[in-house]
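Chemist: Just dropping this structure here.
The values are calculated or read from the model by the stated rules, or taken from the named source; none is laboratory data. Model, not experiment: these values are computed from the prediction. Ideal geometry is used to build each Cβ from the backbone, glycine not excepted, and the neighbour counts take in all protein chains shown.
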Amino acid sequence: MWPRGSNASFITLIPKVDSPHSLNDFRPISLIGCMYKVVSKLLANRLKKVLVKVISDNQFAFLGGRNMLDSVVIVNEAVGVAKRSKRSIVIFMVDYEKAYDSVRWDFFMYMLGHVERKIAWVKWADVCKPKAFGGLGIKDLVTFNKALIEKWRWRFVTEPNSFLCRVIKSQLADGRCSSPWWRDVLSLCLDDNWFDLEIMKFLGEGDATRFWLEDWLGLGHLEGRFHRLYNLSQNKYATVKEVGEWSQGIWEWKFTWRRGLRGRELGWLDILFNTINIGCLREGRSDRWLWEPGEEGVYSVNSAYSFLHVCDSVDSYIDFQSIWNGFAPSNVKAFVWRVLLNRIQTKVHLRRRSAIPAAADLLCPLCNLEEESCDHLFCTCARSLGVWLAVHRWFGFVTAVPSSSKSLFSQFSFLARNKKQRLAEMTVWMASCWSLWLIRNSVIFSYGVWDDDFVLDLIQVRSWHWIKEKVRGFHYSFV
Ligand SMILES: [Zn+2]
């Protein structure tokens, strides 16, 4: 029971305009007592903890962790579905006028006008540079918009059970989404895949990562690599956590097969053990998604914006277009693009993402001389160097092999005499990177054998196939 008078309040009307005519022209303010304020704050704080659980997830406004914009998207999706399936739909619309009005539009436009006038004589690209790079730090709207919209993707990955994600998922069929809005969101990142390449799963105890079906080691899905074992496994959808257990702080793998393994299957199991043991699980910590450029791995529009911006400026001398125009299959193009951005799953890279134990050695398993970085793997490792020299001889290049993948790329694109030759050289460069990567993995993980001549053969056959597929009447002699 409240003591009498403790919840009394005075309501005052403050006029919003000079000569108010209706009640709407006033802003009501109630003046309440201190005690009332304290008690209501206490109650509100307690309620806040359970609100998300008790309020149905189709309510969005003014609730921590929920986003009012979701409702707009969901209504949009509902209308889209109704239209496509020719069903009728009833929509009840309330306006957001109040929220919208709280922006001082006149002031905003005024500022915009002034900003534009002041900077008109500076190149727009320079203006958009971060202040540390001599720009004004004004947001480049196209890039900013990209960063803003890709936030939806991040939420899709990190909140797969939210109302919004369920709405989008309900429209998925045969790997294709019938929602135009969602397809637009996806297409924003199609040309260079920037979003997908920067997110990765932080492996805790493997509770939210599928053992066979997710790429948790950075080596591709185990399902594809060990298809035979995958077929024999009892639980194909098992999480990593379900494929073993902790015993006194040490992780032990425990597989269950549909029948006993025999013959070559046992050999495969050996290789599987060697492969999965490079990963490390952390007891008592949940798996979560990380956005690499973000602070503590969390996606923010600002971090995405600066990431995109830096990408654009630092690598402007690399002609990425020649990769995307090249003849290789698209997975190979995406792969070499990652090579150029230094985003390959090397030991050094895995350590940075703390995907391998801090104490593990980072030496290249092939030469044991240097740390396994991207540049080492593709250029300075003695094994790769031998292959590049062979490719150089084949092309008749008389020059040294550069020590970074970027310089190597430039070498291949600049030494060409004409456009046609350039496309061919680009293709060989991509085939070389791809072949080096595959042979390396097969030597390290599947007891493959390294042979420079054999790798060169592979490179020639691959480039020949890729070019032949795209160019009609292509003839080439290997002699
Ligand atoms: Zn090496």
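Chemist: Residue 18 fails exactly one of the following numbered conditions: (1) under 36 Å from the mean Cα position of the chain (by Cα); (2) more than 30 Å from residue 162 (Cβ to Cβ). What is the number of that condition?
Modeler: It fails just one condition, (1).
Chemist: Looking at this structure, is residue 229 under 21 Å from residue 299 (Cβ atoms) and either part of a helix (DSSP H, G or I) or over 21 Å from the mean Cα position of the chain (by Cα) (or both)?
Modeler: On the way: under 21 Å from residue 299 (Cβ atoms): no; either part of a helix (DSSP H, G or I) or over 21 Å from the mean Cα position of the chain (by Cα) (or both): yes.
For residue 229, the condition - under 21 Å from residue 299 (Cβ atoms) and either part of a helix (DSSP H, G or I) or over 21 Å from the mean Cα position of the chain (by Cα) (or both) - is not met.
Chemist: A further question follows. Take the residues in the range 350-382 that are in contact with a Ser or Thr (Cβ under 9 Å, 6 or more places away or on another chain) and touching a residue at least 40 places away in the same chain (Cβ under 8 Å), then tell me which one is nearest to the ligand (Cβ to nearest atom).
Modeler: 366
Chemist: Looking only at the range 217-231, decide whether some residue is modelled with pLDDT of 90 or more and aliphatic (A, V, I, L, M).
Modeler: Among the residues of the range 217-231, at least one is modelled with pLDDT of 90 or more and aliphatic (A, V, I, L, M), which makes the answer yes.
Chemist: Those residues that are of a type in the set (S, T, N, Q) and either loosely packed, with under 15 Cβ neighbours inside 10 Å or touching a Gly at 6+ places or on another chain (Cβ under 6 Å) (or both), I need them from the range 180-214; list them, please.
Modeler: 187, 193
Chemist: Right, here's the next one. Out of the range 274-303, which residues are at pLDDT 85 or above and hydrophobic (A, V, I, L, M, F, W, C)?
Modeler: Correct list: 289, 298, 301.
Chemist: Polar (S, T, N, Q) and over 30 Å from residue 284 (Cβ atoms): does that describe residue 193?
Modeler: Yes, satisfied.
Chemist: If you go through the range 341-349 one residue at a time, do you hit one that is within 9 Å of the ligand (Cβ to nearest atom), of a type in the set (Lys, Arg) and touching a residue at least 60 places away in the same chain (Cβ under 8 Å)?
Modeler: No: the range 341-349 contains no residue that is within 9 Å of the ligand (Cβ to nearest atom), of a type in the set (Lys, Arg) and touching a residue at least 60 places away in the same chain (Cβ under 8 Å).
Chemist: Another question, if that's okay. Looking at the range 452-470, is at least one residue within 15 Å of the ligand (Cβ to nearest atom), of a type in the set (Phe, Trp, Tyr) and at pLDDT 90 or above? Give the steps one after another, and end with the answer.
Modeler: To start, the set of residues in the range 452-470 that are within 15 Å of the ligand (Cβ to nearest atom) comprises 452, 455.
Filter once more, so that each one left must be of a type in the set (Phe, Trp, Tyr): none.
No, that holds for no residue.
Chemist: Any residue at all in the range 384-403 that's surrounded by fewer than 18 Cβ atoms within 10 Å (Cβ to Cβ), hydrophobic (A, V, I, L, M, F, W, C), within 13 Å of the ligand (Cβ to nearest atom) and modelled with pLDDT of 90 or more?
Modeler: yes
Chemist: Read through the list (1) assigned to a helix (DSSP H, G or I); (2) within 11 Å of the ligand (Cβ to nearest atom); (3) farther than 30 Å from residue 206 by Cβ, then give the number of the only condition that residue 410 fails.
Modeler: Of everything listed in (1) assigned to a helix (DSSP H, G or I); (2) within 11 Å of the ligand (Cβ to nearest atom); (3) farther than 30 Å from residue 206 by Cβ, residue 410 misses just condition (2).
Chemist: Under the condition of being charged (D, E, K, R) and closer than 14 Å to residue 320 by Cα, which residue from the range 405-461 is farthest from the chain's Cα centre (by Cα)?
Modeler: Checked the range 405-461; the qualifying residue farthest from the chain's Cα centre (by Cα) is 422.
Chemist: Residues in the range 413-457 that are free of Cβ contacts under 8 Å to residues at least 24 places away in the same chain and not in a loop (DSSP other than H, G, I, E, B): how many?
Modeler: Initial filter on the range 413-457 (free of Cβ contacts under 8 Å to residues at least 24 places away in the same chain): 414-421, 438-439, 442, 448-449, 451, 454, 457.
Next, from what is left, pick out any that are not in a loop (DSSP other than H, G, I, E, B): 414, 419-421, 438-439, 442, 454, 457.
Final tally of qualifying residues: 9.
Chemist: Also, I was wondering about something else. How many residues does the range 458-470 contain that are charged (D, E, K, R) and loosely packed, with under 14 Cβ neighbours inside 10 Å?
Modeler: The initial filter retains those residues of the range 458-470 that are charged (D, E, K, R), namely 462, 468-470.
Adding the requirement that they be loosely packed, with under 14 Cβ neighbours inside 10 Å leaves 469-470.
So the answer is 2.
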